[in-house]
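Peer 1: The structure is given below, and queries will be raised subsequently.
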Amino acid sequence: VPAARFWTLSLVDRQGFPIDNAAQRFGFRSSEVLRDADGSFQVTVAPVAQAGNWLPVGAQERYNLVLRLYDSPVSATAAAIDRNSLPGITRETCP
Amino acid sequence: MSIGRIVANIAAIAAAAGLIAGIVHIVAILVAPIYAQHDAWVRLSSLGPQGATIELPRAGPDARLIPYQDPAVAAAFCRFDLSRGPTLVHASASDDGFSSLSFHTKRGSIFYAITDRAATRGTLDAVVLTPEQLRDREAHDSDETPVRELRLVSATPEGFVMIRALSEQPSLYRRAEALTKSLACVTEVRGG
């Protein structure tokens, strides 16, 4: 994640609204996400509950993940975001 | 009239119709944002009167007014109208977490923003004014005492100020919400 005082990662439908779920989990904050020993983290987007950081997606097949950086030297006008600093997205198969 | 002539005429009419349709299409796309009934200003205006501090509903599946809100961030806004004088904006700043003020024109674009890092004694203050009001204010500035207020010129007489406060944990959302209520926008009364 690019340098920032705080970040949040949230999941919305294609209209930009959170997807209703029983866990009332719509996103993670940098201050609450579960991390590995090296400080990295992994968030799993899935319709059914997952161990670790689970973002419920309900029945939606298409969704948007929104990463917000608060108080970051990165800005829309001043600097380009380094691709390597952004979280990677990988598609897994259903268990 | 020969067949070739008729075909040429039809082609010319089709080309002209296509050209007119293309122009109308491009113009329609360009003016769409101006006439859009669902821009930020229209949505915010539906929530309450000018000058009042109004909290935005927390982002969730049921809050369908404003898309792409951060569910971790509480937000409130006030709309200003500079036609009756400059607007004094005041807000408390978060003492540990992140909070910010952003200043928007009526079209929604941001013309200034500050975070809690810029706060003095836990508060953020600014004066929003028109270019004419700024000139008037500068004419009244004393030569001896330095100007201590933050003066922000708005390109449109109307606009809005948005306060945002991040909750670092879900249980702290109420506290972030309470902070957003500290926003106050008051039209300055001159001469008193």
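Any read-out appearing in this document is the output of simple, stated calculations on the displayed coordinates, not a laboratory observation. No experiment lies behind these values; they were computed from the predicted model shown. Positions of Cβ are backbone-derived with ideal geometry, glycine not excepted, and every protein chain shown enters the neighbour counts.
Peer 1: Please find, among B:64, B:58, B:43, the residue that is among the basic types (Lys, Arg) and assigned to a helix (DSSP H, G or I). Before you say what the answer is, go through the steps one by one.
Peer 2: Details: B:64 fails: assigned to a helix (DSSP H, G or I); B:58 fails: assigned to a helix (DSSP H, G or I).
Testing whether each residue is among the basic types (Lys, Arg) and assigned to a helix (DSSP H, G or I) leaves just B:43.
Peer 1: In addition: Would you please list the contacts, defined by Cβ atoms under 6 Å and residues six or more apart or on different chains, that run from a residue in the stretch A:8-24 that is within 9 Å of chain B (Cβ to nearest Cβ) and under 18 Å from residue A:69 (Cβ atoms) to a residue that is charged (D, E, K, R) and buried (at least 17 other Cβ atoms within 10 Å of the Cβ)?
Peer 2: A:8/A:29; A:8/A:68; A:8/B:70
Peer 1: If I ask for residues that are within 13 Å of residue B:153 (Cα to Cα) and touching a Lys or Arg at 6+ places or on another chain (Cβ under 9 Å), which ones from the stretch B:67-88 would you list?
Peer 2: B:85, B:86
Peer 1: When the residues of the stretch B:140-192 are narrowed to those that are in a loop (DSSP other than H, G, I, E, B) and of a type in the set (A, V, I, L, M), which ends up farthest from residue B:115 (Cα to Cα)?
Peer 2: Initial filter on the stretch B:140-192 (in a loop (DSSP other than H, G, I, E, B)): B:140-150, B:154-157, B:167-169, B:181-183, B:188-192.
Those left that are additionally of a type in the set (A, V, I, L, M): B:147, B:150, B:155, B:183, B:189.
Values: B:147: 21, B:150: 13, B:155: 22, B:183: 13, B:189: 27 Å.
Going through the qualifying residues, I end up with B:189.
Peer 1: Moving on. Which residue is nearest to the chain's Cα centre (by Cα), if the candidates are limited to the stretch B:87-102 and must be of a type outside the set (S, T, N, Q) and crowded, with 21+ Cβ neighbours inside 10 Å? It would help to see each step written out before you state the result.
Peer 2: The initial filter retains those residues of the stretch B:87-102 that are of a type outside the set (S, T, N, Q), namely B:88-91, B:93, B:95-98, B:101.
In the following step, the residues that additionally are crowded, with 21+ Cβ neighbours inside 10 Å were identified as B:89, B:91, B:93, B:98, B:101.
Details: B:89: 14, B:91: 17, B:93: 20, B:98: 20, B:101: 11 Å.
Of everything passing the filter in the stretch B:87-102, B:101 is nearest to the chain's Cα centre (by Cα).
Peer 1: Moving to a separate point now. Restricting to the stretch A:25-54, give me the number of residues that are surrounded by fewer than 18 Cβ atoms within 10 Å (Cβ to Cβ) and at the interface with chain B (Cβ under 8 Å from one of its Cβ atoms).
Peer 2: Qualifying residue count for the region: 2.
Peer 1: Being within 14 Å of chain A (Cβ to nearest Cβ), within 30 Å of residue A:34 (Cβ to Cβ) and out of contact with any helix residue (DSSP H, G or I) (no Cβ under 9 Å at 6 or more places or on another chain) narrows it down to one of B:164, B:175, so name that one. Don't jump to the end; show me each part of the working.
Peer 2: Working: B:164 fails: out of contact with any helix residue (DSSP H, G or I) (no Cβ under 9 Å at 6 or more places or on another chain).
Going through B:164, B:175 in turn, just one is within 14 Å of chain A (Cβ to nearest Cβ), within 30 Å of residue A:34 (Cβ to Cβ) and out of contact with any helix residue (DSSP H, G or I) (no Cβ under 9 Å at 6 or more places or on another chain): B:175.
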